[in-house]
Amino acid sequence: MGNKLTWTNNELEDLVRQLGIALEASGIGIWQHNIAKNQTRWDDQLQRIYGVAKGEHDVIWLESVHPDDCPGASTIFKAAIANKSDYASEFRIIRPDGEIRHIRSRAQYFVDGQGEACFIGAEWDVTEDALRNQQLAKQREAAEQSRAEARYAADHDSLTSLLNRRAFDDAFARLLQASEPVASLCHIDIDRFKEINDRFGHGGGDTVLRHVGSVLASGIAGGEIAARLGGDEFAVLSLSPEPDRMREIVARIRQDLHKPVFIDGEPFTVECSIGYAHASGADVAALLTSSDIALYEAKKNGRNRDQLFTPALAEKRNAEKQMLQELRSGLHIGEIVPFYQVKVRASDYAICGLEALARWESPKGLRMPGDFLELAAANGLMDAVDDAVFRRVIFDINRWSMAGIKVPTVSVNLSAARLGDPSLPGKVSALGIAPGQISFEFIETIFLDTLSEQVKRNIERIRQLGIDIEIDDLGSGHASLLGLLELRPNRVKIDRHLVLPILKSETQRRLIGSLIDIARTLEIEVVAEGVETLDHARLLAGLGADTLQGYAFGRPQPAQVTQAVLETAAARKMENAG
Ligand code: C2E
Ligand code: CA
Ligand code: CA
């Protein structure tokens, strides 16, 4: 039928019928609006869509339109009339039964046979589409929301809500890319966090972490970053060019930390060690190391303090690292050896024991325990030192015995933590020590409160191996007599700081006298340490000490010298006997 100019009636009727079917099938309603007469005709389909029956001259369209959509719909309609233009609109209607439907409307402007301006329009129900679009929009929004949440979770620590290590590293990497970087960094570490966890459980530990997190968050200004780097380790980064800004932040953090946090209703004051550093230009790259060195220094100086980084600290740290390396290799090649100091009977000064004291025969000279034990302890090498000394002691005892020398009991010092080590008795028993040959000296600090079951079991098994237990440095400040009672050591050693002043101080004499009385009552032998003169020796013997040890009877000596001392003593004894 393409480009036909004239139509037969039959053809037109066919066409109208076809259109009618098509419109009905598609659900499209048709309207025609005469602008001049303001009259609208709706076909049946459109009346069905709106759910209203419309008289020929009624103008009821806007009455059905949803009040919220009315202004918009009518503005578009009026604009199309004014411009004599085509028209496209979408709006909601409310049907008489209250149902809301979404309607799409298209219309064309034309002039009819009478020369009057008209619109002819088609409308159809797009409610399904509209609802689907609404739902899609909601889903998109939810997806965007969860993407945002995922982004947040990837960058933040869930416990403290601070930035996490990844985000912190990113921020630091961005800083390094700046053309003129300048920044301050501080490292914060909670003191004795493991003990906090042990004491309050993980819930309590989390409370402490959250507390520190909120202290840090409130200590910084916009543009500054607080992050939890992991465990109980935190960091604050400031891009302020002012070196004093970090000092301010640190002061504020420390002040806020004074306020207690409540764990199970119990107030607890969190202590932290803080190291911080400021740098600009190329030095910024070293900030992480610098503030970490400062933190290490703060911890080493007794924790619960802050420390600003200085180049001198870095030098010190390097020297320490160097020494640590030397200590490791020294342990490996047998440079850690025992020196021996004699213990004598208070009654006749006869040698009744030896104490093995660690010495480091390093290529740089002889080093004393005070020079390297702290370093060893801080780096987990304490057991290795103890073991090295112990093995050499066993070796020396065997060598001396084979040479026919009668070796008195040798005591070795063990770090306190060792007594809780379940593998200790097994290791010791593997060494095949004859009963009475060895005794162990433990510093009194471990007996703070009641003993753990593990410690008690270890002590029992050590005793069964014929090894005596001695409490070292009694009176140096931490002894708990209760702990002592429970442990029942074979011997206590009175600290040399109590012994030294006895010649001059009556009070000190009485104090030592009482300690000796208590030990006596418990049937524990008493060794007095740091006996520097024979006057001390006489006085201590008078107060009831069983054994004396100190420079008055000999300094700690290498194995070779000690062997000669033992031989001379044996010879003298023979002479006296003969
Ligand atoms: P300690 O167990 O109390 O050892 C006694 C310390 O006092 C020794 O110092 C000794 O040389 C010193 N001394 C002995 N007589 C006198 C005296 O008359 N006057 C004075 N002023 N001092 C005297 P040293 O050898 O420097 O050892 C220091 C500490 O290092 C020891 O104190 C001990 O706690 C620890 N230590 C030594 N060797 C070892 C070891 O192999 N393992 C462990 N865990 N600790 C050790
Ligand atoms: Ca000792
Ligand atoms: Ca001691």
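Just so you know, in the range 355-373 the residues that are within 10 Å of ligand 1 (Cβ to nearest atom) and among the acidic types (Asp, Glu) include one that is surrounded by the fewest Cβ atoms within 10 Å (Cβ to Cβ), and it is Asp371.
On the given criteria, is Arg228 touching a residue at least 24 places away in the same chain (Cβ under 8 Å), assigned to a helix (DSSP H, G or I) and either in contact with a strand residue (DSSP E or B) (Cβ under 9 Å, 6 or more places away or on another chain) or farther than 28 Å from Glu180 by Cβ (or both)? When the stated conditions are applied, Arg228 does not pass them.
Apart from one condition, Leu257 fits all of (1) surrounded by 17 or more Cβ atoms within 10 Å (Cβ to Cβ); (2) assigned to a helix (DSSP H, G or I); (3) out of contact with any Ser or Thr (no Cβ under 8 Å at 6 or more places or on another chain); the exception is (3).
With respect to (1) over 30 Å from Gly20 (Cβ atoms); (2) touching a residue at least 24 places away in the same chain (Cβ under 8 Å); (3) not assigned by TED's automatic domain parsing to the domain that holds Asp232, the lone exception for Ala150 is condition (2).
Taking the range 330-369 as the range and being among the hydroxyl-bearing types (Ser, Thr, Tyr) and part of a loop (DSSP other than H, G, I, E, B) as the test, the residues that pass are Ser347, Tyr349. Inspect the range 260-273 for any residue being touching a residue at least 60 places away in the same chain (Cβ under 8 Å), touching a Cys at 6+ places or on another chain (Cβ under 9 Å) and not hydroxyl-bearing (Ser, Thr, Tyr) and give the result as yes or no. Checked against the condition, which is being touching a residue at least 60 places away in the same chain (Cβ under 8 Å), touching a Cys at 6+ places or on another chain (Cβ under 9 Å) and not hydroxyl-bearing (Ser, Thr, Tyr), the range 260-273 yields no hits at all.
Of all residues in the range 176-184, at least one satisfies being crowded, with 21+ Cβ neighbours inside 10 Å and at pLDDT 95 or above. Six or more apart or on different chains, Cβ under 8 Å: which pairs go from a residue in the range 512-530 that's in contact (Cβ under 8 Å) with a residue 40 or more places away in the chain to one that's β-branched (Val, Ile, Thr) and assigned to a loop (DSSP other than H, G, I, E, B)? Could you list them? Note: no pairs meet the criteria. Out of all the residues in the range 312-326, is one or more within 16 Å of ligand 1 (Cβ to nearest atom) and either free of Cβ contacts under 8 Å to residues at least 60 places away in the same chain or buried (at least 20 other Cβ atoms within 10 Å of the Cβ) (or both)? Checked against the condition, which is being within 16 Å of ligand 1 (Cβ to nearest atom) and either free of Cβ contacts under 8 Å to residues at least 60 places away in the same chain or buried (at least 20 other Cβ atoms within 10 Å of the Cβ) (or both), the range 312-326 yields no hits at all.
Under the condition of being more than 17 Å from Leu474 (Cβ to Cβ), of a type in the set (A, V, I, L, M) and within 14 Å of ligand 3 (Cβ to nearest atom), the residues counted in the range 506-554 number 0. The number of residues in the range 305-327 that are under 22 Å from Arg359 (Cβ atoms) and of a type in the set (A, V, I, L, M, F, W, C) comes to 4. Counting only strands (runs of 3 or more DSSP E) that fall entirely inside the range 458-541 and contain at least 1 residues that are touching a helix residue (DSSP H, G or I) at 6+ places or on another chain (Cβ under 8 Å) and outside the structural domain of Gly426 (by TED's automatic domain parsing), no element qualifies.
The values are calculated or read from the model by the stated rules, or taken from the named source; none is laboratory data. All figures in this text were calculated on a predicted structure; none of them were measured in a lab. Backbone-built Cβ (ideal geometry, glycine too); neighbour counts: all protein chains shown.
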